[in-house]
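Read through the structure below, which is laid out as structure tokens, and then see the notes.
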Amino acid sequence: MSDNRSLYATILGVQAPWQVTEVDVSPKEEQVTVTISSRPDVRHPCPRCGNPCPGYDTLRRSWRHLDTCQFKTVLIADVPRVECGEHGVLQITTPWAEPGSGFTALLESLVIDWLLEASVSAVARRMRLTWDEIDGVMQRAVRRGLARRQLGDLSMVGVDETSFQKRHEYVTVVTNKQGKVLHVADDRKATSLDEFWQSLTPEQLASVEAVAMDMCAAYVRSTRDHVEDADSKICFDRFHVAKLLNDAVNTVRKEENRALAAAGEWVPKRTKYIWAQNPENMPEDRRDQFERLRQCSLKAGRAWAIKDAARWLWSYATRGWARKAWKKWIGWAQRSRLEPMRKAARTVSDHLWGIVNAIVLGANNAAAEGTNSRIQRIKARACGFRNRERFRNAIYFHLGGLDLYPATASATHTTS
Ligand SMILES: [Zn+2]
């Protein structure tokens, strides 16, 4: 028995004043129960001020630890409460677990490692824990990570909406230049973004040089309310402009197909994605198909040409040249007699100031776009989320670049 005790003292890293006092192996239940006690004469530090204090009483607690081979392993300890002259009666922190957790820090770290690779339900199954327990580890990890983090470089931030669950529910996601998620908020209102600006210090706010976003009035309003000189920093980047124009081409295509069908003519089928693709990315056979399509879909072909021309208007060095080129393009689109393109051109015209900002500041939302598709993958892996809170947590967990691990485990736990 004493061999078992010293074995567990060694592998658990139990140090004075703590000692392993009992190891109970139960083959029937496939469980090892390790009892740890503190020497009774020791004055433990107050968890608030660190001053050694006299003991008050003890409370029995237990923690699930890493398995011993196939045996579930549980630590039990009578954890002292100390009586601090200044802070009253408080339970001390143990070296193997964070306060409030029913798991040792090493077990939490292992759960975090697995959660980075698999869904909550898969990890729960594999680790013989409940879904709620695994979710609790994940939530604690995010809270810990958010409390520790430094936001770092805010010179260029991207704001985007991403869908949650149903079609018309959204969250707002703020990312940095590298696509790291800085903030997640419900909805896509001005107040959603306000939350982020209000979380920054005046120095952080002043360091913002460019804010890439959709042509969305709510985000513009929020940025104007919080960021100084916002009108020279708000950028409507090429990704969002391309999305607007692709949607317009698609509307032209649908209207044209409807008219062709009404006139009893041949209607090209399943061409939405062909019109959305750039010719240089098309495989050879697709390009032939595309050329044939342009011969018979005259309106969609014209709309596509207008959209395609806009792709080449993003590399001007000065505001003057950029504005001039876009105005020329807007004129062309407005003369096109294709109402969806004219409408898109009006939107571009109204937002030209921010498009010009994006061009001269070199703001692009490529990193945010990548983050958005990673968010959608996380959603797919989880088979959706029960509520936004969980969705928000998962985004921070996977894409927040946070230090997620319990501090008590960091000495022995190495992350890759
Ligand atoms: Zn104290």
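Looking across segment 89-111, just one residue is of a type in the set (Phe, Trp, Tyr) and either in a strand (DSSP E or B) or within 16 Å of the ligand (Cβ to nearest atom) (or both), and that is Phe103.
The set of residues from segment 43-79 being out of contact with any Ser or Thr (no Cβ under 9 Å at 6 or more places or on another chain) and among the hydrophobic types (A, V, I, L, M, F, W, C) comprises Cys46, Cys49, Cys53, Leu59, Cys69.
Entry remark, segment 119-147: residues being outside any helix (DSSP H, G or I), closer than 20 Å to Asp67 by Cα and in contact (Cβ under 8 Å) with a residue 12 or more places away in the chain number 2 in total.
Here's the yes/no breakdown for (1) assigned to a strand (DSSP E or B); (2) farther than 21 Å from Glu98 by Cα:
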{"residue": "Asp3", "(1), (2)": "no, yes"}
{"residue": "Ser6", "(1), (2)": "no, yes"}
{"residue": "Thr10", "(1), (2)": "no, no"}
{"residue": "Gln15", "(1), (2)": "no, no"}
{"residue": "Val20", "(1), (2)": "yes, no"}
{"residue": "Thr33", "(1), (2)": "yes, no"}
{"residue": "Ser37", "(1), (2)": "yes, no"}
{"residue": "Thr58", "(1), (2)": "yes, no"}
{"residue": "Ser62", "(1), (2)": "yes, no"}
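For the condition of a type outside the set (Val, Ile, Thr), within 16 Å of the ligand (Cβ to nearest atom) and outside any helix (DSSP H, G or I), Glu86 qualifies. Here Arg61 meets each of (1) touching a residue at least 12 places away in the same chain (Cβ under 8 Å); (2) more than 39 Å from the chain's Cα centre (by Cα) with one exception, condition (2). Ala118 - would you say it is under 19 Å from Phe391 (Cβ atoms), at pLDDT 95 or above, away from the ligand (no atom under 16 Å from the Cβ) and within 25 Å of the chain's Cα centre (by Cα)? No. In segment 54-83, which residue that is surrounded by 13 or more Cβ atoms within 10 Å (Cβ to Cβ) and acidic (Asp, Glu) is nearest to the ligand (Cβ to nearest atom)? Going through the qualifying residues, I end up with Glu83. Checked against (1) polar (S, T, N, Q); (2) touching a residue at least 40 places away in the same chain (Cβ under 8 Å); (3) within 16 Å of the ligand (Cβ to nearest atom), Asn51 passes all but a single condition, namely (2). Scanning segment 257-302 for residues that are among the hydrophobic types (A, V, I, L, M, F, W, C) and within 21 Å of Lys243 (Cα to Cα) yields Ile274, Trp275, Ala276, Met282, Phe290, Ala300.
The values are calculated or read from the model by the stated rules, or taken from the named source; none is laboratory data. Here the structure is a predicted model, which is why all the values come from computation and not from measurement. Note that we place each Cβ from the backbone using ideal geometry, even for glycine, and neighbour counts take in every protein chain shown.
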